[in-house]
Amino acid sequence: MLSRRAFLKSSGLALIAVGLGGTPLFLKRAAAMATSKRKVLVTIFQRGAMDGVMAVSPYGDAQLQKVRPRLAMSAPNSGGENALLDLDGRFGFHPAFQPLLPLFQRKELAIVHGVGSPEPTRSHFDQQDYMESGTPGRKGTPDGWLNRVAKELGAGTSPFKAVAMTSALPRSLYGDESALAISNLADFGVKAPGAMQSAMAAGQSFEVLYEQTSQTLLRGAGQESFEAIKLLSKIDVKNYRPLEGAEYPRSPLGNSLKQIAQLIKADVGVEIAFAESGGWDTHVQQGTARGNFANRAKDLAQAIAAFWKDLEAYHDIVTLMTMTEFGRTIAENGSNGTDHGRGSCLFVLGGKVDGGKVHGIFPNTLAPENLEDGRDLPVTTDFRAVFSEVAGKTFGIKNDAKIFPNWNGKRLQLINA
């Protein structure tokens, strides 16, 4: 459960972030270079469980072709729209991930295969909770792993230290540390009903209205919201222009990453940012080069590629990581899809990433004897080994137990010193 303090903060933000109706208050486009060297970690949760074997496929494995007669993709350079994009002579990217291929080739993007939770449940709800709390197998953890990261960063003066571009605060950011949840920056204003709106029309400032209100919730939790609005009082969100060549898809994820890029460029104190991508639960009509999976993959790849282009001058301070609760079954089902599985893959993008590689331990062949329960890609890398490496190296956190209590595993080396 959320602590009372965190709940009040979130509730206060909900009161503030509903829009004023008139011209929103925001900043001009920021300068091309950041004015500080504050490090930033951006995370994307792919909700629904991405099929990691379709995303990054061992194209030379005849067993995969056997158990996926309708879903298996073609080898690279074989011609046709189903041909994979070669990564390293063993694995191939799904063609919808083409926008990410140059990042992999420039060694800015790393892939980790066989990632997941040691807890074997195939429940979306439970595994998302375990991954976001950072405590697999343990329910009821009051805070999320990103909130604990924020705590390790120390006291900050910016209300944008930890921000989620979502309608509600994600489980990852639950906890006592301040965190914002904003679905759309253009709606981040003050709704002022009745006499309060009349007072605003008469020219009274936000601060005066704040002091005059008798609402405990607004006076206590709302202070941070007013500080956030004041900090953003010069950003012109609606007229933001990404760097030339950065083409964000017109989708919830594309909009989220574009707004995160705005905040990073504005140097308003962002250190942790969260976004999410839905629709990865491909039980039915998963498709190959076209279909449900391809649509989600294309959106993810285009959004990340645009974000990275947009932040071209910030690659030395920004790291991006994806995650998903589990993978899919190796064999296709009777509905031309795949069911809940275990291991999947994730992406890590950054200027100091050990990129151009597929990390992790992957079976030599996907024969039943090499699979978990004879059906799933085994989890060979605990997600905490990746999260601790990425967050630890990004922010200089050395004690992993502070972020992942009761875990004594080793980090997977992904970030160059």
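Quick notes on this structure:
- Semi-axis lengths, Å, the stretch 52-96, gyration tensor of Cα atoms, sqrt of 5 times eigenvalues: 14, 11, 10
- Entries in LYS37/LYS309; LYS151/LYS238; LYS151/LYS357; LYS107/LYS410 that, when Cα-Cα distance is taken, lie over 28 Å: LYS151/LYS238; LYS151/LYS357
- Alpha-carbon centroid distance for the pair the stretch 311-385 / the stretch 114-148, whole angstrom: 16 Å
- Karplus-derived 3J(HN,Hα), 6.51/-1.76/1.60, for each residue of the stretch 366-371, Hz, glycine and proline x: 8, 5, x, 5, 9, 9
- For SER74, the amide hydrogen comes within under 5 Å of the amide hydrogens of ALA83, LEU84, counting only partners 5 or more places away or on other chains and with H modelled in the peptide plane.
- Taking the alpha carbon gyration tensor of the stretch 309-417, multiplying each eigenvalue by 5 and rooting it gives semi-axes of 30, 18, 12 Å, largest first.
- Placing R0 at 41 angstrom, the Cβ-Cβ distance between GLN105 and LYS398 gives a FRET efficiency of 0.80 after rounding to 0.05.
- Derived scalar couplings ³J(HN,Hα) [the stretch 298-306; Karplus, 6.51 cos²θ - 1.76 cosθ + 1.60; whole Hz; x for Gly, Pro]: 4, 5, 4, 5, 5, 5, 5, 4, 5
- Close amide H pairs (under 5 Å, H built 1.01 Å from N) link ALA164 with LEU180, ALA181, ILE182, PHE274, residues at least 5 positions away or on another chain.
Computed from the coordinates by the stated procedures, all read-outs in this text should not be read as laboratory data. Since this is a predicted model, take the numbers as computed values, not measurements. For neighbour counting, all protein chains shown are included, and Cβ atoms are generated from backbone atoms with ideal geometry for every residue, glycine included.
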